[in-house]
Amino acid sequence: MASSSPALLLMVFAAVMAAISPQMCSAVDPIATYCSKNFTGSPQKQKSINQVLSSLVPTPTTFYTTATAGRGAAAAWGQAQCRGDIPASDCALCLAAAQRELAAACSGSADGRVWYDYCFMRYDDADFLGLPDTGYTLILLNTMNASDPVAFDRAERKLMARVAKRAGDGEEAGLVRETEKFDATTTIYGLGWCTKDISSQSCGLCVAQAVAEMPNYCTFRRGCRVIYTSCMARYETYPFFFPVDGKADSAAASSSHAGEYHKVVLNA
């Protein structure tokens with residue numbers, strides 16, 4: 001796997017709970033957009049990219065798709081994937097939003113990627129499919145510490161170790177969800193998620209690397225996400241995945257949550 005660059009950009013943003021349809025906000029509000037490898041004077045390459053993006057918005061029942069277009073120097077490859085636990089309607093909303101975001105934000109770029117709570121979309125002028133990628137790193141950490149930080153950290157690490165271990169299990173299909181009861185009123189929710197083009201072994205290694213990054217930024221924090229291009233790991237003190245307590249409750253599994261988060265970007 002590619003290693004992360006030491007270059008660091010630190011930003012702060014407010015994550016405000018949506019009053020109406022929070023699950024829809026999770027589907028259409030991007031976490032981050034990455035555009036690189038600018039090019040000019042190649043309308044055929046842009047045409048190939050546009051064709052790929054158009055092909056990456058599948059039918060609502062398709063949670064993963066790839067696409068290619070063009071030949072030689074004008075070739076482009078693409079990938080789109082929804083988290084396997086979300087409703088099909090939210091998947092369709094998320095991928096449509098991702099396609100619009102990349103088309104608008106990354107025009108003239110040969111490499112474009114966009115992350116949402118519910119989905120991920122990418123295109124490139126080089127064939128990346130099947131190649132694990134941890135070069136671009138995005139970290140989101142809750143600014144609030146846990147009420148009993150040492151005990152919480154111990155419980156969180158125990159939880160995420162299970163997530164990392166299970167991520168390499170071929171039966172998990174690249175999506176792991178775990179919970180850990182912290183105290184009478186607090187449950188910690190953990191998730192690991194990989195793109196479907198990489199092997200189970202690569203998925204396990206990728207999620208384990210993301211989990212290993214957490215103590216560098218998220219010790220004692222009530223929530224944390226480490227996101228790579230090929231995988232991500234996350235924990236929160238509120239339910240953010242489906243189903244919740246055995247019920248597919250969209251409102252309860254919202255990824256929106258009141259509070260302030262730091263965003264750390266490590267560029268490849």
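The values are calculated or read from the model by the stated rules, or taken from the named source; none is laboratory data. Model, not experiment: these values are computed from the prediction. FYI the Cβ positions are ideal-geometry reconstructions off the backbone, even for glycines, and counts take in every protein chain you see.
Out of LEU131, LEU102, report the one residue that is under 17 Å from the mean Cα position of the chain (by Cα), surrounded by fewer than 16 Cβ atoms within 10 Å (Cβ to Cβ) and hydrophobic (A, V, I, L, M, F, W, C). Spell out the reasoning first.
Numbers: LEU102 fails: surrounded by fewer than 16 Cβ atoms within 10 Å (Cβ to Cβ).
After ruling out the rest, the residue left standing is LEU131.
Could you identify the single residue in ALA104, ALA98 that is in a helix (DSSP H, G or I) and touching a Leu at 6+ places or on another chain (Cβ under 9 Å)? Break it down stepwise before answering.
On the way: ALA104 fails: touching a Leu at 6+ places or on another chain (Cβ under 9 Å).
Only one candidate qualifies: ALA98.
Of the residues in the stretch 39-59, how many are buried (at least 16 other Cβ atoms within 10 Å of the Cβ) and not in a helix (DSSP H, G or I)?
Adding up the residues that qualify gives 3.
Counting just the residues of the stretch 118-173 that are part of a helix (DSSP H, G or I), modelled with pLDDT under 95 and acidic (Asp, Glu), which one comes out nearest to THR33 (Cα to Cα)?
Among them, the one singled out is GLU172.
Only residues that are closer than 20 Å to TYR118 by Cβ and among the aliphatic types (A, V, I, L, M): list them for the stretch 180-237, please.
Once the filter is applied, which keeps residues that are closer than 20 Å to TYR118 by Cβ and among the aliphatic types (A, V, I, L, M), the stretch 180-237 yields LEU191, ILE198, VAL207, ALA210, VAL226, ILE227, MET232, ALA233.
Please specify each residue of the stretch 119-145 satisfying the condition of being under 18 Å from CYS203 (Cα atoms) and aromatic (Phe, Trp, Tyr).
PHE120, PHE128, TYR136
Starting from residues that are part of a strand (DSSP E or B) and surrounded by 18 or more Cβ atoms within 10 Å (Cβ to Cβ), keep the ones in the stretch 68-87 and report whichever is farthest from the chain's Cα centre (by Cα).
So the first thing to find is which residues in the stretch 68-87 are part of a strand (DSSP E or B), and the list is 68-69, 76-82.
So of that shortlist, the ones also surrounded by 18 or more Cβ atoms within 10 Å (Cβ to Cβ) come out as 69, 76-82.
Values: ALA69: 25, ALA76: 22, TRP77: 19, GLY78: 16, GLN79: 13, ALA80: 12, GLN81: 10, CYS82: 9 Å.
In this case the residue turns out to be ALA69.
Criterion first (within 24 Å of CYS224 (Cβ to Cβ) and not in a strand (DSSP E or B)) does ASP90 satisfy it?
On the way: within 24 Å of CYS224 (Cβ to Cβ): yes; not in a strand (DSSP E or B): yes.
Against the criterion (within 24 Å of CYS224 (Cβ to Cβ) and not in a strand (DSSP E or B)), ASP90 qualifies.
Please go through the stretch 19-38 and give me each residue that is outside any loop (DSSP other than H, G, I, E, B), among the aliphatic types (A, V, I, L, M) and modelled with pLDDT of 50 or more, ordered by number.
Keep residues of the stretch 19-38 that are outside any loop (DSSP other than H, G, I, E, B), which gives 22-28, 32-38.
From what is left, the residues that are among the aliphatic types (A, V, I, L, M) are 24, 27-28, 32.
Selection gives ALA27, VAL28, ALA32.
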